[in-house]
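Working notes, structure below.
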There are 4 protein chains.
Amino acid sequence: MVRVAVTGASGLVGEYLLRLLVGHPEVEVTYLSSHSSAGRPVSDVLPPLEGQLAIDFLEPTPGEIAGAADVAILAHKSSESLELAPQLLDAGLKIIDIGGEFRLKDPGLYRQWYGQEHTQPELLAEAVYGLPELYREQIRSARLVANPGCYPTSVLLPLVPLLKAGLIDPAGIRVSSASGLTGAGRTSGKLFIDVNEDMRAYAVAGHRHRPEMEQELAAATGQDIRLTFVPHLIPVNRGILSTVFAQPKGDTDPATLRRALTEAYTEEHYVRVRHSGTDVRLANVVGTNYCDIAVECQTGSGGVLVFSALDNMLKGACSQAVQNMNLLFDLDESAGIGGLGAC
Amino acid sequence: MVRVAVTGASGLVGEYLLRLLVGHPEVEVTYLSSHSSAGRPVSDVLPPLEGQLAIDFLEPTPGEIAGAADVAILAHKSSESLELAPQLLDAGLKIIDIGGEFRLKDPGLYRQWYGQEHTQPELLAEAVYGLPELYREQIRSARLVANPGCYPTSVLLPLVPLLKAGLIDPAGIRVSSASGLTGAGRTSGKLFIDVNEDMRAYAVAGHRHRPEMEQELAAATGQDIRLTFVPHLIPVNRGILSTVFAQPKGDTDPATLRRALTEAYTEEHYVRVRHSGTDVRLANVVGTNYCDIAVECQTGSGGVLVFSALDNMLKGACSQAVQNMNLLFDLDESAGIGGLGAC
Amino acid sequence: MVRVAVTGASGLVGEYLLRLLVGHPEVEVTYLSSHSSAGRPVSDVLPPLEGQLAIDFLEPTPGEIAGAADVAILAHKSSESLELAPQLLDAGLKIIDIGGEFRLKDPGLYRQWYGQEHTQPELLAEAVYGLPELYREQIRSARLVANPGCYPTSVLLPLVPLLKAGLIDPAGIRVSSASGLTGAGRTSGKLFIDVNEDMRAYAVAGHRHRPEMEQELAAATGQDIRLTFVPHLIPVNRGILSTVFAQPKGDTDPATLRRALTEAYTEEHYVRVRHSGTDVRLANVVGTNYCDIAVECQTGSGGVLVFSALDNMLKGACSQAVQNMNLLFDLDESAGIGGLGAC
Amino acid sequence: MVRVAVTGASGLVGEYLLRLLVGHPEVEVTYLSSHSSAGRPVSDVLPPLEGQLAIDFLEPTPGEIAGAADVAILAHKSSESLELAPQLLDAGLKIIDIGGEFRLKDPGLYRQWYGQEHTQPELLAEAVYGLPELYREQIRSARLVANPGCYPTSVLLPLVPLLKAGLIDPAGIRVSSASGLTGAGRTSGKLFIDVNEDMRAYAVAGHRHRPEMEQELAAATGQDIRLTFVPHLIPVNRGILSTVFAQPKGDTDPATLRRALTEAYTEEHYVRVRHSGTDVRLANVVGTNYCDIAVECQTGSGGVLVFSALDNMLKGACSQAVQNMNLLFDLDESAGIGGLGAC
């Protein structure tokens, strides 16, 4: 059994991660920490876990974590990972950071978008971007995995194959995404009456997931790529839908575009290429580790449309972290993730 | 008192229209028709109107309509307006068609997007596009008003001033819109369990509101303009949010863009220019005749972002029809539309 | 024009009240106060009012209020009304308190349920309970109106006629109610992710609206009546549905029960007796000042079922306050309330 | 591996059942039938199952089912189970009927509430009511299991121990329940716009789950018990919340009531006794096989309040069917049900 510690575990990400881990057949949760909930039993803080996990939250202590666990999954909202990660790695643990601290390779970009200096530039260089469909082999042998952002996961999976195949123009790509409220988390304080029956854009001037997308598109294609990205809030609990506008390169036809996706993902279990953009729906992916994608051309406008849907709490965060953990410990990649789970 | 007939009145559009008309101080609803509900009292078919309107639905008879009313508002899902309009005009009535039969000036486009021949090309030529902010004077003296589509209203109001001022490139405009379920209507049969907690795109290959937008953008700017337009369904009852991606023309700065909007609409009561894109929300417009708009530039990407929100049942359909009716009969333009109504 | 001041006006109740008042043909809003928003323009604090009302929030000053207004509507969450009311009354204003400070006639009950001493027992004695269907004449000549609670309005309107007619047993009445999130208000801090797709009971040990119901049932029937009352939260913005279980007294049949309701409300515009319990729905009353009610008997169980629905922000709070204001100033009782409003 | 056939499998119940079965480690789905979807692959009819199950729906043929499976789970909306069950039992299969055909022991009640004659009275007598917490041993050795209704499961689990302990009065029990829209199923045709932001009661005159509850309460307590039961529709996808009003028998105190529940379920994994009624929420049970229950007394009213929550598609239907299947084949009772699943 792999012994797992989760730090910063009392938030939404912690809750969903624990719901997965308690059902994972080869894993034991041995340590939980949370500043705000230290000293309280799990079931008190996260009522859905009543009867599932009978340990208490502790104040995080690197020495104790090292003694109790083989891997630490860091689920902090803050930059606390920057302090914990080097100590836990020194103690021989493997680390998966669900926060954003180790995603942007360029410390200058980190400073710009996260508002502070990155204190661990060597670890930044070492960290592997945890998107298994792009970096599976590097993840297997990594010490430190930077779990991707939810929007980048949804955008990279369909765009990388189309760009690598040279089928769409790397310039002028526009992304309109929409997310459910779990993406905002509990700390955002979004009241029901302020978002129900509503929709609006946010982070219009710029969202930190955009440089993350641009970095990984550049890494995959060798090209400098600039996106326009507008996220929106929609009144659902979970799910991200991304609609991407692109221009075809040359005489691309719909069948060729679609083939580029199906060929890229023919061996991948968790990326499903749907026949039509209208089949790419939150309803088909929420509660699962799947990312559904499709590509279409709009009659008359000449534009290429790319669609993508995933569950922001699962493939966009927690089940992708479990997928990465399975790779780190050479377990069945789908262990503990389930097919469609208990629905 | 203006005597109003509503035909095809037993659907959602009929319901919202009647809710407005029963509160209009200078109007009397004298005739209602509906094939499916003929012979039944209004309150039976449309329970919210219990105690508000005590007449029965009839089978539509042009002669009777002409005797009973000064204006007919046609609220059909089908193309029945093509048959009713000429007879009612001959009888001296004014007409507002909330359906789409008289919007596309080119009969060829009508055939392409509505799937049948247009049998009244002369009336098509005569019809005035009922967007008061663009065609107020023509509407005042019209016999036949083609009430605009909901998506076109949301897209034309912010784009026309920016294009006329030459501030954005007419090429490469992409529109991502989202609509609540009243937009689909009752006949679409969208079940709660199939759309709640879901979001998806639809009409990806092409939606008939796109040529309507292109026609009016061309009319306003004298340029041939092609859009890419993707509508989505979101789980709310009412409201349309449109997010438009455009490229600036020359050294446009955000203040100049914003000024173009504020100057265009300084005299308009029902178009509110918001300071930020995040203030353009369904929550601020649902239940009202307002269209809220904003324009922003995204740092780093060079793109111009245009935002627009309105209530698809009100400014996108029924209260805009009442606004047009008020113009036709020289009433106070906001009569019966209210400010924020009974919330 | 009646000059209206609203104090404590920056919350949800203030917003809905102002949306009504700006459309009221015989009223002018002349003064707004709010501790938290003093110095800010209305449209800043309450964005839906943009373009509707161009005054600023002030710190409340009884002298200034008295100079500016004929009536003050108090919309405080706190007990501040206890201090404001006597000063404003002394200055000759009329007062409508939307809070609960003047509803419970017994200062002991006030202490028990509101957790503090009532400092104005004489005003408590003077205040008229503002349910127009029960106290219309007293309201007309009142100085101080205690606007009823939302749950009590929904429960009293159907129960009073049935109890007065002696058709149901005053003992053993059980009330199961459900409310949308506007009932909890902004200060309750209910996050979308904590209430969407959820339902739960609250205030199970006892809710302060229960003694209010019991007081008014006693006043109407001359009997001491004890209820069991369980409120629930449901994921909608607005609306209260109350389902009441009672026992018939004697050989009551459904037609007799229903007749008691129709006869009681035959002259009342805002209480609609529906034929069946399943017609009593939030959808038919939200956005209106109506309270829909029905009574049925369940086959085999011998029980009487009473149903009631209203909009907690309108008939349950703000439009009922306007209805009371209209009575105080001898205006048309429905002025500014509309029929079905702008939907 | 247990070979499982599911008949009537193309509806909502089929979908949720298959989502569980494809993740069950000791089960293989070998046969699916559906009249409406015969000839089509599963992933076509039930898109969430894309990539999970690669078989086609067939027209049901008892002989083929018998050859292909060890157990048949019948998921029909209609009474087709009455014809299939005897043939499949004769062929040696075990049967779990998720429909209601084998729940009411009295053929007269079946006729009254299901509107037709029961053609298999001997099987009715033989069928075991599939509530494992009450009938675990009988289920283990059964041939035919009648899976309970969703409302009865929620009401029986908390009421049976309280009644058996003599703590509440068997007379005058009132049940107010609320269900999400999956409970109505796809055939009910409930449109989003007709139930979103709405709540209403239904089946007010009587619901067929009431005699089912009364039968099982009588079986458990030896007493004739009559309930009043009012179900409501709330705008959520899944979940049932039941609020039960009862009278205490003698000097019952809250601690004694609560102890009766904790003692009854101390060994039961899927019934959780919550400390407070406000902890009994859809949010804590949706996506799981848990039924959460609590009991409280309301200060001053003397009434006992019982709360219960479960997922109508899981403990109220599909995961309870899997739990029964596990008992029938001596598998781990929680196999394939998960703890909290993939959330």
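What to note about this one:
- Here the range D:278-310 is the region considered, the condition is being farther than 18 Å from C:HIS232 by Cα and either free of Cβ contacts under 8 Å to residues at least 12 places away in the same chain or touching a helix residue (DSSP H, G or I) at 6+ places or on another chain (Cβ under 8 Å) (or both), and the residue that is farthest from the other protein chains (Cβ to nearest Cβ) is D:CYS291.
- Some residue of the range C:320-333 being more than 8 Å from every other protein chain (Cβ to nearest Cβ), at pLDDT below 95 and within 30 Å of B:LEU310 (Cβ to Cβ): no
- Of all residues in the range D:92-117, those satisfying the criterion of being out of contact with any Gly (no Cβ under 7 Å at 6 or more places or on another chain), small (Gly, Ala, Ser) and open to solvent by less than 50 Å² (accessible area, probe 1.4 Å) are D:GLY99, D:GLY108.
- Just one of (1) modelled with pLDDT under 95; (2) in contact with a helix residue (DSSP H, G or I) (Cβ under 6 Å, 6 or more places away or on another chain); (3) open to solvent by 30 Å² or more (accessible area, probe 1.4 Å) fails for D:THR30. It is (1).
- Condition met for B:PHE102 (closer than 18 Å to B:GLU212 by Cα, in contact with a strand residue (DSSP E or B) (Cβ under 7 Å, 6 or more places away or on another chain), among the aromatic types (Phe, Trp, Tyr) and outside the structural domain of B:GLY185 (by TED's automatic domain parsing)): yes
- Of all the criteria given as (1) open to solvent by 20 Å² or more (accessible area, probe 1.4 Å); (2) basic (Lys, Arg); (3) closer than 27 Å to D:ALA171 by Cβ, the one not satisfied by C:ARG174 is (1).
- Residues in the range A:142-179 that are away from chain B (no Cβ under 14 Å) and of a type in the set (D, E, K, R) were compared, and the one that is nearest to the chain's Cα centre (by Cα) is A:ARG143.
- Here B:LEU53 does not qualify as surrounded by 23 or more Cβ atoms within 10 Å (Cβ to Cβ) and among the hydrophobic types (A, V, I, L, M, F, W, C).
- Taking residues in the range C:214-229 that are more than 21 Å from C:ILE240 (Cα to Cα), and partners anywhere that are open to solvent by 40 Å² or more (accessible area, probe 1.4 Å) and part of a helix (DSSP H, G or I), the pairs with Cβ atoms closer than 8 Å and at least 6 places apart or on different chains are C:ALA220/C:LEU134; C:ALA220/C:LYS164; C:THR221/C:LYS164.
- Selection of the range B:236-277 for residues being within 14 Å of chain A (Cβ to nearest Cβ), more than 28 Å from B:ASN196 (Cβ to Cβ) and among the polar types (S, T, N, Q) yields B:GLN247, B:SER276.
Yes or no, residue by residue, for (1) over 20 Å from B:ARG272 (Cβ atoms); (2) touching a Pro at 6+ places or on another chain (Cβ under 8 Å); (3) surrounded by fewer than 19 Cβ atoms within 10 Å (Cβ to Cβ):
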residue: C:SER10; (1), (2), (3): yes, no, no
residue: C:HIS24; (1), (2), (3): yes, no, no
residue: C:SER36; (1), (2), (3): yes, no, yes
residue: C:PRO47; (1), (2), (3): no, no, yes
residue: C:PRO60; (1), (2), (3): yes, no, no
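- Lone qualifier among D:THR252, D:THR266, D:THR278, D:THR288 - being surrounded by fewer than 16 Cβ atoms within 10 Å (Cβ to Cβ) and among the hydroxyl-bearing types (Ser, Thr, Tyr): D:THR266
- Taking the listed residues D:GLY183, D:GLY189, the one that is at negative phi, out of contact with any Lys or Arg (no Cβ under 6 Å at 6 or more places or on another chain) and of a type in the set (Gly, Ala, Ser) is D:GLY183, with no other qualifying.
- Restricting the range D:207-225 to residues that are assigned to a loop (DSSP other than H, G, I, E, B) and within 13 Å of chain C (Cβ to nearest Cβ), the residue that is nearest to D:LEU159 (Cα to Cα): D:ILE225
- Qualifying position, being crowded, with 19+ Cβ neighbours inside 10 Å, within 7 Å of chain C (Cβ to nearest Cβ) and among the β-branched types (Val, Ile, Thr), among D:THR228, D:THR182: D:THR228
- Residues that are under 25 Å from the mean Cα position of the chain (by Cα), modelled with pLDDT under 95 and more than 10 Å from every other protein chain (Cβ to nearest Cβ), drawn from the range C:47-61: C:PRO60
- Residue within the range A:130-143 that is of a type in the set (Asp, Glu), modelled with pLDDT of 95 or more and under 30 Å from D:HIS275 (Cα atoms) present: no
- Any hit, the range D:114-125, residues being at pLDDT 95 or above, β-branched (Val, Ile, Thr) and either under 18 Å from the mean Cα position of the chain (by Cα) or under 22 Å from D:ASN289 (Cβ atoms) (or both): no
- Annotation: of all residues in the range D:8-27 being touching a Gly at 6+ places or on another chain (Cβ under 9 Å) and more than 14 Å from chain A (Cβ to nearest Cβ), the one that is modelled with the highest pLDDT is D:GLY8.
- Cβ-Cβ under 6 Å pairs, at least 6 apart or on other chains, the range C:186-198 side within 13 Å of chain D (Cβ to nearest Cβ), far side surrounded by 19 or more Cβ atoms within 10 Å (Cβ to Cβ) and among the small types (Gly, Ala, Ser): C:LYS190/C:ALA184; C:ASP198/D:ALA283
- Residue within the range D:58-78 that is of a type in the set (D, E, K, R) and farther than 23 Å from D:LEU314 by Cα present: yes
- Taking the numbered list (1) in a loop (DSSP other than H, G, I, E, B); (2) in contact with a Phe, Trp or Tyr (Cβ under 8 Å, 6 or more places away or on another chain) in turn, A:GLY166 passes all entries but (2).
- Residues (closer than 17 Å to D:TYR270 by Cβ and surrounded by fewer than 19 Cβ atoms within 10 Å (Cβ to Cβ)) located in the range D:138-171: D:ARG140
- Condition check for C:VAL204 on (1) assigned to a loop (DSSP other than H, G, I, E, B); (2) in contact with a Pro (Cβ under 7 Å, 6 or more places away or on another chain); (3) open to solvent by less than 10 Å² (accessible area, probe 1.4 Å): one failure, at (2).
- Residue among C:LEU241, C:LEU261, C:LEU233 that alone is aliphatic (A, V, I, L, M) and open to solvent by 10 Å² or more (accessible area, probe 1.4 Å): C:LEU233
The values are calculated or read from the model by the stated rules, or taken from the named source; none is laboratory data. Not measured: the values here are computed from a predicted model. Cβ: placed from backbone, ideal geometry, glycine included. Neighbour counts: every protein chain shown. These area figures cover heavy atoms from the full protein model, side chains too; ligands, DNA and RNA do not enter into them. Shrake-Rupley method; radii C 1.70, N 1.55, O 1.52, S 1.80 Å.
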